[in-house]
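Below: the structure, in structure tokens.
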Amino acid sequence: MGTRIGDVSTPSRVAAPDEGIGHDELALAARNHGLPLEALRYDVTPPGLHYVLTHYDVPFTDPEHWELTISGLVDRPLTLTLDELRALPSETHRVTMECAGNGRARLTPRPVSQPWLTEAVGTAEWTGVPLRELLAEAGVSPDAVDAVFTGADHGVERGVEQDYQRALSVADAMGEAPVLVAYAMNGAPLPPQHGSPLRLVVPGWYGMGNVKWLRDVRLTGEPFDGFQHSAYRYRASADDPGVPVTRMAPRALLVPPGFPDFMSRARFVPPNPIRVEGRAWSGHAPVTSVDLSTDGGTTWTPATLEDDPTTHPWAWRHWTADWTPTPGTHTLTARATDATGETQPLEEPWNRGGFGNNLVQEVRVVCVRGMDG
Ligand SMILES: Nc1nc2c(c(=O)[nH]1)N[C@H]1C(S)=C(S)[C@@H](COP(=O)(O)O)O[C@H]1N2
Ligand SMILES: [Mo]
């Protein structure tokens, strides 16, 4: 950890009851864009439409001279160039990634940070070397408890100067989920904003553990307690120690039907039968059902899950439901349930950092006779 420039204990701010989004939040929102919800139609998100979240600056990196080091409590410290990594056996996995702050701006009161509504998600085909193979090659000491991943980006957050760092326990790093040191996204080299030339991909986890611009993996004998671990905790209040944010809670999103109003984003549809579609995912267990409501959550009907969940176990599932709108205003909402029985709340699950808010989405649809749609 670097220099302490300010008061490290300063918690993030919570907006006053009627306080709108400020220029500070707007600046973050303009840098870190979401997935346009109509892009939920793609099984694999085209790279420019995948959400982006970067805490500091996108570093200017040079793939030609990049080196990944694996150090600390290992028998054989490794230094690998990109060519050396590309020469190793690779795997490709389709992985849905979601920012832990997704849904934050819908909370009351609003934790002041990146003000996501529901759109901080995307699915990509990541290609790289399984982390467990690299760790086996390095020979992890039995005394190692955590693997700490360091990115090439640097900044200050609530007074703490730092390189972006996150850790996984050795068990999670070598576990069942195929954690990748990825050098390709959808078959092409990583774009700058997604971690060029190397990033970690941790299937099932919220985005913060997927360290971009990865330059070092260090095995430590103590649990890592860096800034990005103390920041990502579910806390009831600023002085609550809380619990770590880890895997993605279940969530379904629907492609807003019809066509939008420019400002309100309300949707217009004619009174004809339509097929509503969307995606659903959970980092805890496979999604087993999705329900659709067209009356704001009063009544629900089961949607059809269209895909085989075993083909891409770390990716979102495609769902559809038929609906014939009647003239008037309707609120569409969808709700995912996973194999553990966990489902999405109808009341916001508030916490101090605004993490894991999987409150159901609401899409306002206005059905009008005689429209072209
Ligand atoms: N080095 C580094 N890695 C990072 C971040 C970062 O700021 N720096 N942001 C994290 C967060 S909070 C998220 S949600 C994901 C976003 O990945 P994406 O921009 O490729 O969608 O990257 C994670 N990895
Ligand atoms: Mo994030």
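The values are calculated or read from the model by the stated rules, or taken from the named source; none is laboratory data. Everything numeric here is computed off the predicted structure, so don't read it as measured data. Here Cβ is always computed from backbone atoms with ideal geometry, including for glycine, and neighbour counts include all displayed protein chains. To get the accessible areas, we keep the full protein, side chains included, count just its heavy atoms, and leave off ligands, DNA and RNA. Shrake-Rupley method; radii C 1.70, N 1.55, O 1.52, S 1.80 Å.
Quick look at the numbers
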{"quantity": "Cβ-based net charge around W300, under 11 Å, with every Lys or Arg adding one and every Asp or Glu removing one", "calculated": "-1"}
{"quantity": "Long-range HN-HN contacts of G72 with modeled amide H, under 5 Å", "calculated": "L219"}
{"quantity": "Probe 1.4 Å, protein heavy atoms only - accessible area per residue of the range 119-204 in square angstrom", "calculated": "29 Å²"}
{"quantity": "Fraction of antiparallel bridges per DSSP, the chain only, in percent to nearest 5", "calculated": "90 percent"}
{"quantity": "The chain, helix-only ellipticity at 222 nm - DSSP H runs n ≥ 4, -39,500 (n - 2.57), divided by all residues, nearest 500", "calculated": "-2000 deg cm²/dmol"}
{"quantity": "Accessible area per residue, Å², the range 297-373 with all protein chains present, probe 1.4 Å", "calculated": "50 Å²"}
{"quantity": "Backbone HN-Hα couplings from phi across the range 181-198 [Karplus 6.51/-1.76/1.60, Hz, Gly and Pro as x]", "calculated": "9, 9, 10, 9, 10, 6, x, 10, x, 4, x, x, 6, 9, x, 3, x, 9"}
{"quantity": "By accessible area with a 1.4 Å probe, ligands and nucleic acids excluded, highest first: order of W314, W126", "calculated": "W314, W126"}
{"quantity": "Prolate/oblate/rounded label for the range 1-118 (Cα gyration tensor, a/c 1.5)", "calculated": "oblate"}
{"quantity": "Length-normalised contact order of the chain in % [C-alpha pairs under 8 Å, at least 6 apart]", "calculated": "18 percent"}
{"quantity": "3J(HN,Hα) from dihedral phi, the range 99-115, Karplus parametrisation 6.51/-1.76/1.60, rounded to Hz, x for glycine, proline", "calculated": "6, 4, x, 4, x, 4, 6, 8, 7, 10, x, 8, x, 7, 5, 3, x"}
{"quantity": "Under the Karplus curve 6.51 cos²θ - 1.76 cosθ + 1.60, θ = phi - 60°, whole-Hz ³J(HN,Hα) for the range 355-361, x wherever Gly or Pro sits", "calculated": "9, x, 7, 9, 3, 4, 5"}
{"quantity": "Whole-percent carbon and sulfur share, accessible surface of the range 111-241, 1.4 Å", "calculated": "51 percent"}
{"quantity": "Cut-off under 5 Å, modelled amide H: who pairs with V14 long-range", "calculated": "V112"}
{"quantity": "Cα gyration tensor shape for the chain, rounded if a/c is under 1.5, else prolate or oblate", "calculated": "prolate"}
{"quantity": "Accessible-area composition of the range 251-367, carbon plus sulfur, in percent [1.4 Å probe]", "calculated": "54 percent"}
